[in-house]
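The values are calculated or read from the model by the stated rules, or taken from the named source; none is laboratory data. This one's a predicted model, so the numbers in the text were calculated from it and none came from an experiment. Neighbour counts are summed over all protein chains in view; Cβ atoms, including those assigned to glycine, are modelled from backbone coordinates with ideal geometry. Remember, those area values only see protein heavy atoms, side chains included, never the ligands or the DNA or RNA. Shrake-Rupley method; radii C 1.70, N 1.55, O 1.52, S 1.80 Å.
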Amino acid sequence: MTLAMNRRAFLGTAAVGLMAGAAPGFLRHASAATPFAFQASWINDAEFCGYFVAIDEGFYAAEGLDLTYSPGGPDVIPESTLLSGTADLTLTTPDTTVKAIVDQGAPFKIIGTQYQKNPIGIVSLAKAPIKSPSDLVGKTLAVPPVNVISVEAMLKLNDIDKSAVNIVPYAYDPTPLIKGEIDASLDFTTNVPFTIDQAGETATSFLLYDFGFTIYNDTVVVTEDTLKTKRKELVSWLRASRKGWEINLADPAAWPPKFADTWFKGTGRTIENEIFFNTAQKPLIESPNGIFSMDEEGIEKNIEALGQIGIKATREMFDTSLLEEI
């Protein structure tokens, strides 16, 4: 699960190369195949289940790719792996990627998105539910420092003065919420409710996306050079990955147990947690246009939402032409 949301805080080109080799990779070979490196954005959990299916079922090999998959973690900066040449493709959040393009001239292109709706949301206890931004007025909300600007944008979009909400720092631990020390937290709605349930409470939540902060998550990003030199491989990756996700989401409870002793081994998370996560993320990933799709309306919503936090995205930063080739 993507608990440490600040893992995607892009630290600038000074970080390039520092993370090379920081995360172990898993190799899957196919004879006479083209080497292709994929950097995930977090540790192995259900957020990446579709890719595990595609690897284990041989979908990348069938597309002629010799895939190297590298898990992420709190010290991995996905964008840096592209600039250092460690990875051909990675998953990011559009805010960090677009900011890097605008502020640092980073040569990135967004060619797809895993999540149509960002899973970040406001989590509270069902016995004291916070169901909308207006319910936050006069309440204490715990927010990771890196996400305060996003929450403030959501409040602004709903005509709520940020001073009306007591925002305090959050360290990705639901214990204060469970103990009643805070009223709500900003968390990943696909995972944290399970943790709260295991502690004997019931959670409720809403997405920032559903109240105006309409950005994607796990956007598929490459450099402009890779787009030019490995276009065929990128289309093959998208095709194989889409197939893996389609099969995974067709029965989200079936696949996590298959990975208990492989992909999910040693993470400290239960398979029940991964099943919950995999099931919860299904409606956030699926699209009538196919997984990874970015339609014009969705792209415009991202541009508008990013503008609310002072990040000036443009349509040219999104390339949908590869999706048309799948």
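Observations, loosely collected:
- The residues in segment 249-273 that are in contact (Cβ under 8 Å) with a residue 24 or more places away in the chain and of a type in the set (Asp, Glu) can be counted, and the count is 1.
- Search result, residues across segment 309-326 that are open to solvent by 60 Å² or more (accessible area, probe 1.4 Å) and in a helix (DSSP H, G or I): Arg315, Glu316, Glu324, Glu325
- Screening the candidates Tyr60, Tyr51, Tyr115 for the property of being in contact (Cβ under 8 Å) with a residue 40 or more places away in the chain and either of a type in the set (Asp, Glu) or touching a Lys or Arg at 6+ places or on another chain (Cβ under 8 Å) (or both) yields one hit, Tyr60.
- Contacts under 8 angstrom Cβ, first residue in segment 129-142 being at pLDDT 95 or above, partner of a type in the set (Ser, Thr, Tyr), 6 or more apart: Pro129/Thr204; Ile130/Ser124; Ile130/Thr204; Lys131/Thr204; Leu141/Ser185; Ala142/Tyr170; Ala142/Ser185
- Single residue of segment 133-146 satisfying the filter (farther than 27 Å from Val220 by Cα and in a strand (DSSP E or B)) that is most open to solvent (accessible area, probe 1.4 Å): Thr140
- Some residue of segment 28-40 being over 25 Å from Gly290 (Cα atoms), in contact with a Gly (Cβ under 9 Å, 6 or more places away or on another chain), in contact (Cβ under 8 Å) with a residue 40 or more places away in the chain and in a loop (DSSP other than H, G, I, E, B): yes
- Residue check for Thr86: open to solvent by 30 Å² or more (accessible area, probe 1.4 Å), without any contact (Cβ under 8 Å) to a residue 60 or more places away in the chain and either farther than 21 Å from Glu325 by Cβ or of a type in the set (Ser, Thr, Tyr) (or both): no
- Every residue from segment 118-132 that is surrounded by fewer than 22 Cβ atoms within 10 Å (Cβ to Cβ) and closer than 17 Å to Lys162 by Cα: Ile130, Ser132
- For segment 73-85, the candidate set comprises residues that are of a type in the set (A, V, I, L, M, F, W, C) and assigned to a loop (DSSP other than H, G, I, E, B); within that set, the residue that is farthest from Lys228 (Cα to Cα) is Val76.
Each row is one residue, and each column tells you yes or no for (1) in contact with an Asp or Glu (Cβ under 9 Å, 6 or more places away or on another chain); (2) touching a residue at least 40 places away in the same chain (Cβ under 8 Å).
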position	(1), (2)
Val146	no, yes
Ile160	no, no
Thr175	yes, no
Leu186	no, yes
Phe194	yes, yes
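- Residues being open to solvent by 10 Å² or more (accessible area, probe 1.4 Å) and β-branched (Val, Ile, Thr) - total across segment 90-117: 4
- Residues being assigned to a helix (DSSP H, G or I) and open to solvent by less than 20 Å² (accessible area, probe 1.4 Å) - total across segment 272-308: 12
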